[in-house]
Every structure is written in C-alpha cells, then in structure tokens.
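Enquirer: Encoded as structure tokens, here's the structure I'll be asking about.
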Amino acid sequence: PLPNREYGKTNMGASSVYLRENNSAQKYEVCEMITFDKFWLENIDIKLKNKIKKCVIKIDVEGSELDVILGMTDFLNVAHNFQTILIVELLFDSLKEKCKKVVDLMKKQGYSFYNYTGEKIERIDSLEPGNYIFSNEENIE
C-alpha cells in the first residue's frame, strides 16, 4: 500500500513505498509492483531485443535504488550486447549503505560512472548524493 502524501514544492517525487513511523496518512492505493527483469521478459519481444542498440533507463525511486537494480540483474547480464545507460538518483545521506551496494553492484557489472555538470558529461570515480549516469560503454554521447 502506498500512502497518499502531500508533495513538497522542492521535491515533487518525495514519496516512498515504505511506511515510516508516525505516518498519519490514512488513504492508500494498492498497486502491483514487478521487477524490471519480469517486465523485460514478459513485454519485450525477442525480435525487438535483438535490434536494440542503446537502452536508457531513468531510476528515481526515493531510496529504493538497490531494490530496483537487484530486480534487473538478469537484464544487466544481457545488456552487454548493447549500450546501456542508467540515470540514477542516489540518496546517500539517509541510505549510505544501500547506495554503496548499488555502486559495488554496478562496478561488478562493468559499468562506469559519470556526472553531468550542466555543460559536459565527465567520468568520475567517487560519488556524492545526487543524480548519476552509469554506462557499460565509454562513449555515452
């Protein structure tokens, strides 16, 4: 169940699938969640999969990044057949250990990390809280 939340003016995506202590929300909406692997398997035709040259995925899930990436490991294993770019928001302040696991998992899959500075995309070695680009190829233009 997802709580019905008032959204802040500075972060329109500030919601969570996890209930917190002292949550006073009384309205809930039940929805089915599936992994990316299940979506990929059941909805993308094999002929289309063989034609993919580049895949861009945006992950902004307010602290559930590790859960999403763990739910797409089968996809990541076959994604080396084409360029894959993941744009991921990592919330280090409150979930530092989960973010470290995301970084370790992506490194193990052979992904490099990039930051967009507003003018150019730069490869980086360490991450702070923010939005990052993970790519399995050096040229992400």
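Enquirer: Return yes when N115 is at pLDDT 80 or above, open to solvent by 70 Å² or more (accessible area, probe 1.4 Å) and out of contact with any Ser or Thr (no Cβ under 7 Å at 6 or more places or on another chain) and no when it is not. Spell out how you get there, then give the answer.
Expert: Details: at pLDDT 80 or above: yes; open to solvent by 70 Å² or more (accessible area, probe 1.4 Å): no; out of contact with any Ser or Thr (no Cβ under 7 Å at 6 or more places or on another chain): yes.
Against the criterion (at pLDDT 80 or above, open to solvent by 70 Å² or more (accessible area, probe 1.4 Å) and out of contact with any Ser or Thr (no Cβ under 7 Å at 6 or more places or on another chain)), N115 does not qualify.
Enquirer: Continuing with this model, one more query. Could you list, in sequence order, all residues of the range 74-101 that are of a type outside the set (D, E, K, R), closer than 22 Å to K49 by Cβ, open to solvent by 50 Å² or more (accessible area, probe 1.4 Å) and in a helix (DSSP H, G or I)?
Expert: First, the residues of the range 74-101 that are of a type outside the set (D, E, K, R): 75-88, 90-92, 94-95, 99.
After this cut, where a residue has to be closer than 22 Å to K49 by Cβ as well, the list is 75-87.
From what's left, open to solvent by 50 Å² or more (accessible area, probe 1.4 Å): 77-78, 80-81, 87.
The answer is N77, V78, H80, N81.
Every residue, every condition in (1) open to solvent by 90 Å² or more (accessible area, probe 1.4 Å); (2) in a loop (DSSP other than H, G, I, E, B), yes or no:
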site	(1), (2)
K47	yes, no
C55	no, no
E62	no, yes
D67	no, no
V103	no, no
S126	no, yes
Y132	no, no
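Enquirer: Evaluate the range 24-37: report whether one residue or more is at pLDDT 85 or above, more than 12 Å from the chain's Cα centre (by Cα), farther than 22 Å from C99 by Cβ and open to solvent by less than 100 Å² (accessible area, probe 1.4 Å).
Expert: Yes.
The values are calculated or read from the model by the stated rules, or taken from the named source; none is laboratory data. On a predicted model such as this, the values are computed, not experimentally measured, just so you know. Neighbour counts are summed over all protein chains in view; Cβ atoms, including those assigned to glycine, are modelled from backbone coordinates with ideal geometry. Just the protein is used for accessible areas: all its heavy atoms, side chains included, with ligands, DNA and RNA removed. Shrake-Rupley method; radii C 1.70, N 1.55, O 1.52, S 1.80 Å.
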